[in-house]
Amino acid sequence: MWQRLKELFQRLLGSKTASAVPDEDEVLPESPSKHQYEVITESPWGVPVLDVQPLTQHVVTTTRNPEYAQNSVSYRGDEGPEFARQTFEGTRTTAMELRIPVDGEVFNGAIQKPAAMEEKWVLYLQDGELLFVRSWTRQLAVRAQVEFTDDEAIVRSAKGVFTDSDETPEYTQALLEYLLRDYGLGEGLPMPIPFPFEDSHHEAALFAFSLVGHTARFVTHRRAVLAPPHRPLRTVNALHLAVAQKDFAAVDAAIDSGIPLDVVATDGLAPLHWAVGFGADVVVELLDRGAEVDVRSDQGATPLMQAVQGRKDDVVNLLLGRGASARAVDERGFSALHRAAEMGQEHAARRLLDAGADAMCLAGEHTPLTLARGAGETAIVEMLEAAVEQAKTD
């Protein structure tokens, strides 16, 4: 199967680019019926695209090499320095000018890590370079120079190739932008492929799956019309990692190195939001170092809301005791009390009401009371009805 696929790609491309498919130890699926693939002629990107999701979203990767399987899930504590120091054989330099917004200083760290074998790249920012690492082999394929202004990261050039030595500079640039914006920033873009897909739907899907895995949803061999990036470049930096590892010395070192306590990671959360999930002692450490108790996420959520959502009663008590606002609402208008009411958390609901939460707070069409009624949380319904009546008399 593998040799037939390589030969077919070589005929399609007139070159050796078939070896772009990462490794022949990958076990590729046999062809499904052709009707499973759909060509979308009028796409949001101004070019025809092939929907390859019937394969890329429903196939599980297997490999004959057990080391690859181990490598693919080995990035949990990595920040990127070891890959920046890795012996690098890429020699070709591709000039480009790719602009990505930023919303403050961007610190060294991971932009995206694989959660499964079907995610085949790891992206890091390290000392002014973007590093593109093959997750199966832990080998650095491309390193790109990036400059930062107050509101932009500008990729100026890239050294190395994603596939093989026959890769064109145009394809290097197109795939770098795709990996950074689609996989790294989650923008949902079509993956560029270097050959026409019209008469080779399954081969195009296999190429996409083998090169980027589940990341690929649509592919095109034409130059897509892409809107400017709308999501900012962020990383999971040393402070977030230290919080996740409950390493207080590393927390202190990260803060002392200049990483702000309100820095937001790739998921839109500040270190204190992360700390909620790792225990009250981590929360105390950050608060004692000066973290804002009501720091906001991208969606306007506070750590208190995170604690209620995570059923962390001890952290709810702690945050309220350290001055967290029980009346704060997120960007949709929902409060921590809304969450407690819908999730049946009597202790949290009582503590929030005692701390001054608004029992009549309206978010869309819902108050905490309507959510509790809808969830059948009788005890909380009674608690909120009493609070509403009390509020009417105050």
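Taking Asp330 and the conditions (1) crowded, with 16+ Cβ neighbours inside 10 Å; (2) over 18 Å from Leu269 (Cβ atoms), which numbered condition does it fall short on, given that it satisfies the others?
(2)
When you scan region 157-165, do you find a residue that is part of a loop (DSSP other than H, G, I, E, B), aliphatic (A, V, I, L, M) and assigned by TED's automatic domain parsing to the domain that holds Gln86, even just one?
Let us first name the residues in region 157-165 that are part of a loop (DSSP other than H, G, I, E, B), namely 161-165.
Checking which are aliphatic (A, V, I, L, M) leaves us with 161.
Subsequent filtering for residues that are assigned by TED's automatic domain parsing to the domain that holds Gln86 retains 161.
Scanning region 157-165 turns up at least one residue that is part of a loop (DSSP other than H, G, I, E, B), aliphatic (A, V, I, L, M) and assigned by TED's automatic domain parsing to the domain that holds Gln86.
Mind checking which residues of region 308-360 are hydroxyl-bearing (Ser, Thr, Tyr) and out of contact with any Lys or Arg (no Cβ under 9 Å at 6 or more places or on another chain)? Show your work before the answer.
Initially, region 308-360 is screened for residues hydroxyl-bearing (Ser, Thr, Tyr), giving 325, 335.
If the condition is that a residue be hydroxyl-bearing (Ser, Thr, Tyr) and out of contact with any Lys or Arg (no Cβ under 9 Å at 6 or more places or on another chain), then Ser325 is the only one that fits.
Per-residue answers, yes or no, for (1) in a helix (DSSP H, G or I); (2) over 25 Å from the mean Cα position of the chain (by Cα); (3) not assigned by TED's automatic domain parsing to the domain that holds Glu365:
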site	(1), (2), (3)
Ala307	yes, no, no
Val315	yes, yes, no
Leu319	yes, yes, no
Gly323	no, yes, no
Gly333	no, no, no
Leu337	yes, yes, no
Ala341	yes, yes, no
His347	yes, yes, no
Arg351	yes, yes, no
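When the residues of region 183-204 are filtered to those that are of a type outside the set (Gly, Ala, Ser) and closer than 21 Å to Gln126 by Cβ, which remaining residue is surrounded by the fewest Cβ atoms within 10 Å (Cβ to Cβ)? Break it down into steps so the answer makes sense when it comes.
Kept after step one, since they are of a type outside the set (Gly, Ala, Ser), are these residues of region 183-204: 183, 185, 187, 189-199, 201-203.
Okay, now just the ones that are also closer than 21 Å to Gln126 by Cβ, so 183, 185.
Values: Tyr183: 25, Leu185: 22.
Step by step, filter region 183-204, then rank; the result is Leu185.
Kindly indicate the residue of region 189-203 that is of a type outside the set (A, V, I, L, M) and modelled with pLDDT of 95 or more and also nearest to Arg134 (Cα to Cα) among those meeting that condition.
Pro192
Among the residues of region 216-232, what is the count of those that are buried (at least 23 other Cβ atoms within 10 Å of the Cβ) and not in a strand (DSSP E or B)?
1
Could we say that Asp51 is of a type in the set (Asp, Glu), surrounded by 14 or more Cβ atoms within 10 Å (Cβ to Cβ) and at pLDDT 90 or above here? Give the derivation first.
Values: of a type in the set (Asp, Glu): yes; surrounded by 14 or more Cβ atoms within 10 Å (Cβ to Cβ): yes; at pLDDT 90 or above: yes.
So Asp51 fits the description; yes.
I'd like to know if region 16-28 contains one or more residues that are among the small types (Gly, Ala, Ser), modelled with pLDDT under 90 and more than 17 Å from Glu203 (Cα to Cα).
Taking region 16-28 first, the residues among the small types (Gly, Ala, Ser) are 18-20.
Then keep just the ones that are modelled with pLDDT under 90; that gives 18-20.
Cutting the leftovers down to more than 17 Å from Glu203 (Cα to Cα) gives us none.
No: region 16-28 contains no residue that is among the small types (Gly, Ala, Ser), modelled with pLDDT under 90 and more than 17 Å from Glu203 (Cα to Cα).
Please go through region 359-394 and give me each residue that is at negative phi, surrounded by fewer than 20 Cβ atoms within 10 Å (Cβ to Cβ) and part of a loop (DSSP other than H, G, I, E, B), ordered by number.
Met360, Cys361, Leu362, Glu365, Asp394
May I ask you to verify whether His202 is under 30 Å from Leu175 (Cα atoms), within 18 Å of the chain's Cα centre (by Cα) and either of a type in the set (S, T, N, Q) or assigned to a helix (DSSP H, G or I) (or both)? Let's see the steps before the verdict.
Details: under 30 Å from Leu175 (Cα atoms): yes; within 18 Å of the chain's Cα centre (by Cα): no; either of a type in the set (S, T, N, Q) or assigned to a helix (DSSP H, G or I) (or both): yes.
It is false that His202 is under 30 Å from Leu175 (Cα atoms), within 18 Å of the chain's Cα centre (by Cα) and either of a type in the set (S, T, N, Q) or assigned to a helix (DSSP H, G or I) (or both).
If I filter region 81-129 down to residues being closer than 23 Å to Val263 by Cβ and among the polar types (S, T, N, Q), which single residue comes out as surrounded by the most Cβ atoms within 10 Å (Cβ to Cβ)?
Gln112
Could you please let me know if Ala244 is touching a helix residue (DSSP H, G or I) at 6+ places or on another chain (Cβ under 9 Å), buried (at least 21 other Cβ atoms within 10 Å of the Cβ) and more than 23 Å from Leu175 (Cα to Cα)?
Numbers: touching a helix residue (DSSP H, G or I) at 6+ places or on another chain (Cβ under 9 Å): yes; buried (at least 21 other Cβ atoms within 10 Å of the Cβ): no; more than 23 Å from Leu175 (Cα to Cα): yes.
Considered against the rule, which asks whether it is touching a helix residue (DSSP H, G or I) at 6+ places or on another chain (Cβ under 9 Å), buried (at least 21 other Cβ atoms within 10 Å of the Cβ) and more than 23 Å from Leu175 (Cα to Cα), Ala244 comes out as no.
Conditions tested, residue by residue: (1) hydrophobic (A, V, I, L, M, F, W, C); (2) in a helix (DSSP H, G or I); (3) within 30 Å of Arg222 (Cβ to Cβ).
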{"residue": "Leu50", "(1), (2), (3)": "yes, no, yes"}
{"residue": "Tyr75", "(1), (2), (3)": "no, no, no"}
{"residue": "Thr87", "(1), (2), (3)": "no, no, no"}
{"residue": "Ile111", "(1), (2), (3)": "yes, no, yes"}
{"residue": "Val122", "(1), (2), (3)": "yes, no, yes"}
{"residue": "Val133", "(1), (2), (3)": "yes, no, yes"}
{"residue": "Gln145", "(1), (2), (3)": "no, no, yes"}
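Okay, residues lined up against (1) over 23 Å from Trp45 (Cα atoms); (2) surrounded by 22 or more Cβ atoms within 10 Å (Cβ to Cβ); (3) not polar (S, T, N, Q):
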site: Leu131; (1), (2), (3): yes, yes, yes
site: Ser135; (1), (2), (3): yes, yes, no
site: Leu140; (1), (2), (3): yes, yes, yes
site: Gln145; (1), (2), (3): yes, no, no
site: Asp150; (1), (2), (3): yes, no, yes
site: Ile154; (1), (2), (3): no, no, yes
site: Asp164; (1), (2), (3): yes, no, yes
site: Thr168; (1), (2), (3): no, no, no
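Looking at region 173-196, is at least one residue within 18 Å of Ile40 (Cβ to Cβ), outside the structural domain of Val263 (by TED's automatic domain parsing) and in a helix (DSSP H, G or I)?
So far as region 173-196 goes, yes, one or more of its residues are within 18 Å of Ile40 (Cβ to Cβ), outside the structural domain of Val263 (by TED's automatic domain parsing) and in a helix (DSSP H, G or I).
Tell me whether region 148-159 contains one or more residues that are touching a residue at least 24 places away in the same chain (Cβ under 8 Å) and within 21 Å of Ala216 (Cβ to Cβ).
Taking every residue of region 148-159 in turn, at least one turns out to be touching a residue at least 24 places away in the same chain (Cβ under 8 Å) and within 21 Å of Ala216 (Cβ to Cβ).
The values are calculated or read from the model by the stated rules, or taken from the named source; none is laboratory data. Note that the structure is predicted; figures quoted are calculated from it, not measured. Note that we place each Cβ from the backbone using ideal geometry, even for glycine, and neighbour counts take in every protein chain shown.
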